[in-house]
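What follows is one structure encoded as structure tokens, with my remarks underneath.
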Amino acid sequence: MVNISFDRNLCLGCKTCELACAAAHSKTKSLVDAVKEKKISRIRIKKVSGKIKIEQCKLCKNPKCIPSCPTHSLTKDENGTIKVNLFTCTGCGLCEEACPFGAIVLGPFPTLCDRCAEADEPLCAKSCPTKALKVKAV
Amino acid sequence: MPDKISCSGCEPTTNFLLKKAKDNGVETVWDRAVAMQPQCGFGEMGVCCTNCSMGPCRIVKISPDGPKKGICGATEDTMAARNLARAVAAGSAAHSDHGRDIAEALHYAAEQKKPIKDEKKLKAIAEEWGIQAEGCKIEEVASKVAEKALDEFGKPFGHLLFVERAPQKRKEKWENMGVVPRAIDRDIVEVLHSTHIGCDADYRNIMRSAVRAALSDGWGGSMIGTELSDVLFGTPEPHEVEANLGVLKKDCVNIVVHGHEPTLSEALVVAVNEPELMEMAKQQGAQGINLVGMCCTGNEVAMRHGIPMAGNFFQQELAVVTGAVEAMVVDVQCIMPSLSQVARCYHTKLITTSSKAKIPGAVHMEFDEKKSLECAKKIVIEAIMNFKNRRGDVFIPEEKSRGTIGYSVEAIIRALDGITNTFAHPSGTVKPLIDAIKSGVLRGAAAIVGCNNHRVPHDKSHVELAKELIKNDVLVVTTGCGAHACIKAGLMSEDAVKLCGKGLATCCELLKVPPVLHMGSCVDISRILQLLSIMSKYMNVDISDLPVAAAAPEWMSEKALSIGTYAVASGVYVVLGVAPQITGSENLTKYLTSDMEDIYGGKFDIEPDPVQAARKILNHIETKRKQLDI
């Protein structure tokens, strides 16, 4: 299981991770196509009450999103990430509501961090210029 | 930084309108500022460089890993200095291009034999510049002065003519540092050249170029803008004016003129008083035409004609939100592109008039200086014909304040003349002011200038700083959006004397002036330079010896950076309420906040809290007083 740690003291809010995530999930792995394909980033850097905050799937032990799904479209993969069955998902958004970390965004189906399963390592951490995001294999 | 939409500075007007905006589904600057959080730390620190396509490069300061140099090898010092210098150059360009437009307007006015409002000033400038005026027709003098002013932008040799206005010691300092401004365009171009990839890498030398470009603004473009505007449209004299969004009138065709250059606004002032247009407004069901000003163009027409001051930078969208504005007529600088979207939610027509500033969604009606009145009339007709389209949802706040404005250097000296002894003292000097400062009745003077910025509460910093200073017997002069903030807060009214310390209150009562003097628009900060210069020459000291300071508590624009830089290089202590994007370079930060004092006698300081900023200014003034032994 790949865990990503976030050090808010190192984060400068440049959002390079968001761009890298969208690019990593585009067809040609490029930013230009990510924009064209309307890819949604699976990580978001926000500022709440003056503090920097990250929104990204934390690979919970007992995820609240899975039982919230009325069509049982969410499942946990062997590497711990949440998979969405696009054929059964109705895009109702209950999982989005259930997640206490704001990690799920509908676009139109739930998008969740897959830890860049197809790449060698998560691109958000790789792209982070200040190393506020770091990969921790568990 | 705002977490929610609020404006504690100018309640309740703004907050009412913000609520209306929200109800109408209109997004404002405050909403966008919240949506923009967090803002990129690299940009904030000035260590992101996009000057070539090997980049963007960023210097990672915050963790041990990550690049410490750009791909070309530029250090954080080089990057931050280059970014700052380019911003200063852009600011200088904006002010100076404004100055050029005024010089051109004077040229056309001479050509068309239009009236010159201040012939005395024109002749004085002609004499200063070595132009033979005696025996010449006034148009000939105007034409020669205009031509000489236009030469200042690109002359191949020598230095700017207005540099001679600076005290001798100041000029020597500039000569020693090699920063005497030569030709305005050239000094700006040199910054762009030296900050190109692979050119200047020494942050101190980059700042030297930036200082020269900035001085080209203050003692060049801006000063030309101010002086020739006075010549062409009249030198401001004290008079009363109303301010805040309450100046809009429900039953009238409301035209808001917004931007910077007085050429457009002056023509509009004439056009709205044309009987045929007033009649046309009545035929359309309106009581009349109500012209009001916004931002610096608002200052220009308020200073010269008493046109009401509708509001400052952060109020431009709110003016449209009232639903009572038939046309917002804009030219250049500080016009939010969002205006066209806001205008679309109401009946308001956004009319752009400059080929330098078009906005998608706006009606473009180009203003031609050669046919100024004709253009202005067309614009006014467009507004009148839009009156019938007004929708029901109109809300004009009741709040408005009054104040006395119009303090050009000439007007200040005239006020001072009022208390000189006819037999013992010559008139037309700053002697009474210097005497008051020397005796300690007045501790000193401070300029509060600059914009609005979401990083500090709207208008609050301007007003609190001004109040704190006048309470401590420091005379305040102000321009730009700071002036709007001060008049709205009542600091230019007679009552403001009650907020002053004893010494300043006595001075104000004797001189019959408010404790906060409105000196004009942002190019008119050249008036403040001029006043400082006269004061230091009178005392036979340098500007940096005077017990004076400046503050830009809510600054945001590149022009403000240029102003700050020329003020510091002219020897003034400048307190910024918002940190410039340089903090990624400790060396550059130290250069601006400390080293510059050793070189130029002025320096930058950063202090977001207005009360603390006042404390710093007061300390600085007392230090200078001690050094002068007064």
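Nothing in this text is a laboratory measurement; each read-out follows from the coordinates by a stated rule. Only a predicted model underlies this, so the values are computations on that prediction, with no experimental measurement involved. Cβ: placed from backbone, ideal geometry, glycine included. Neighbour counts: every protein chain shown.
With a ≥ b ≥ c the root eigenvalues of the C-alpha gyration tensor of the protein assembly as shown, is it rounded (a/c under 1.5), prolate (a/b larger than b/c) or oblate?
prolate
Once Rh is set to the Kirkwood radius over Cα pairs, what Stokes-Einstein translational diffusion coefficient, in µm²/s, holds for chain B at a temperature of 20 °C and a viscosity of 1.002 mPa s?
86 µm²/s
Given contacts defined as C-alpha pairs under 8 Å and at least six residues apart, what's the relative contact order of chain B, whole-number percent?
For chain B, the relative contact order is 17 percent.
Which residues in segment B:227-252 place their backbone N less than 13 Å from a point set 7 Å from the Cα of B:Lys512 along the Cα-to-Cβ direction?
Hits in segment B:227-252 for B:Lys512 at 13 Å: B:238-240.
For a test of the definition: using alpha carbon positions, the gyration tensor, and the 1.5 limit on a/c, classify segment B:76-233 as rounded, prolate or oblate.
prolate
Determine the shielding of peptide B:56-66 by partner chains: average, over its residues, the number of Cβ atoms on other chains within 10 angstrom of each Cβ.
Mean partner-chain Cβ count within 10 Å for B:56-66: 4.
Rounded if a/c is under 1.5, else prolate if a/b beats b/c, else oblate: with a ≥ b ≥ c from the C-alpha gyration tensor eigenvalues square-rooted, which is segment B:245-389?
Since a/c stays below 1.5, the shape of segment B:245-389 is classed as rounded.
Taking each residue of A:35-47 in turn, how many C-beta atoms of other protein chains fall within 10 Å of its C-beta, and what is the average?
Partner-chain Cβ atoms within 10 Å, mean over residues of A:35-47: 1.
List the trypsin sites (Lys or Arg not before Pro) within segment B:470-563 that DSSP assigns to loop and that have no more than 13 neighbouring Cβ atoms inside 10 Å.
B:Lys512
For the residue pair B:Gln627 and B:Ala424, what label-to-label distance in nm results when each label sits 7 Å from Cα along the Cα-to-beta-carbon direction?
My value for the distance between the label points is 3.1 nm.
Please list, in chain and number order, the residues 5+ apart from B:Gly444 or on another chain whose amide H is under 5 Å from its amide H, with Hs placed from the backbone.
Answer set, sorted by chain and number: B:Leu475.
What FRET efficiency do you get for A:Lys134 and A:Asp33 if R0 is 25 Å and r is their Cβ-Cβ distance, rounded to the nearest 0.05?
Plugging the Cβ-Cβ distance into 1/(1 + (r/R0)^6) gives 0.35.
For segment B:405-628, what's the radius of gyration and Dmax over Cα atoms, in angstrom?
16.4, 59
Restrict the search to segment B:360-446; then list the chymotrypsin sites (Phe, Trp or Tyr not before Pro) that DSSP places in a loop and that have at most 12 other Cβ atoms within 10 Å of their Cβ.
Sparse-neighbourhood loop chymotrypsin sites (Phe, Trp or Tyr not before Pro): B:Phe423.
What average number of partner chain Cβ atoms lie no more than 10 Å from the Cβ of the residues making up A:7-19?
Mean shielding by partner chains, rounded to a whole number: 4.
How large is ³J(HN,Hα) for each residue in segment B:416-432, as worked out from phi by the Karplus curve 6.51 cos²θ - 1.76 cosθ + 1.60 (θ = phi - 60°), to whole Hz, x for Gly and Pro?
5, 4, x, 10, 8, 7, 4, 8, 8, 10, x, 8, x, 10, 9, 3, x
Going by amide H atoms built from the backbone, whose H comes under 5 Å of the H on B:Gly520, apart from near neighbours?
Amide H to amide H, under 5 Å and 5 or more residues apart or across chains, B:Gly520 pairs with B:Gly480.
Provide the FRET efficiency to the nearest 0.05 for the B:Val270-B:Arg414 pair, computing r from the beta carbons and using R0 = 30 Å.
Approximately 0.70, to the nearest 0.05.
From the backbone phi of segment B:579-594, what are the Karplus-calculated ³J(HN,Hα) couplings (6.51 cos²θ - 1.76 cosθ + 1.60, θ = phi - 60°) in whole Hz, Gly and Pro given as x?
5, x, 7, 9, 5, x, 10, 5, 5, 5, 4, 5, 4, 6, 9, 8
Hey, what number do you get for chain B at 222 nm if only DSSP H runs of n ≥ 4 count, each worth -39500 (n - 2.57), divided across all residues, to the nearest 500?
Calculated at 222 nm, the ellipticity per residue is -14000 deg cm²/dmol.
Could you give me the ³J(HN,Hα) list for segment B:239-251, computed from phi with Karplus coefficients 6.51, -1.76, 1.60 and θ = phi - 60°, whole Hz, x at Gly and Pro?
Listing the rounded values in order: 6, 8, 8, 9, 9, 5, 5, x, 6, 5, 10, 4, 8 Hz.
In terms of modelled amide H atoms, which long-range or inter-chain residues lie less than 5 Å from the amide H of B:Asp605?
B:Val574, B:Val575, B:Leu576
Which FRET efficiency, nearest 0.05, do B:Asp495 and B:Lys137 yield, Cβ-Cβ r, R0 56 Å?
Calculated transfer efficiency: 0.70.
How long are the semi-axes of the equivalent ellipsoid of segment B:399-448, taking √(5λ) for every eigenvalue λ of the Cα gyration tensor, in whole Å from largest down?
The three semi-axes for segment B:399-448 are 24, 16, 9 Å.
Segment B:41-146: which GluC sites (Glu not before Pro) are DSSP loop and have at most 10 other beta-carbon atoms within 10 angstrom?
The qualifying sites are B:Glu134.
I'd like to compare B:304-313, B:258-267, B:515-524: which one has the highest average count of other Cβ atoms within 10 Å, and what's the full order after that?
My ranking of the peptides, most packed first, is B:515-524, B:258-267, B:304-313.
Tell me the label-point distance for the pair A:Met1, B:Arg615, using the 7 Å Cα-to-Cβ offset, in nm and rounded to one decimal.
Once both label points are built, they end up 5.1 nm from each other.
Hey, rough spin-label estimate for A:Arg8 and A:Ala98, points 7 angstrom out along Cα→Cβ, what's it come to in nanometres?
With each label point 7 Å from Cα toward Cβ, the separation is 2.7 nm.
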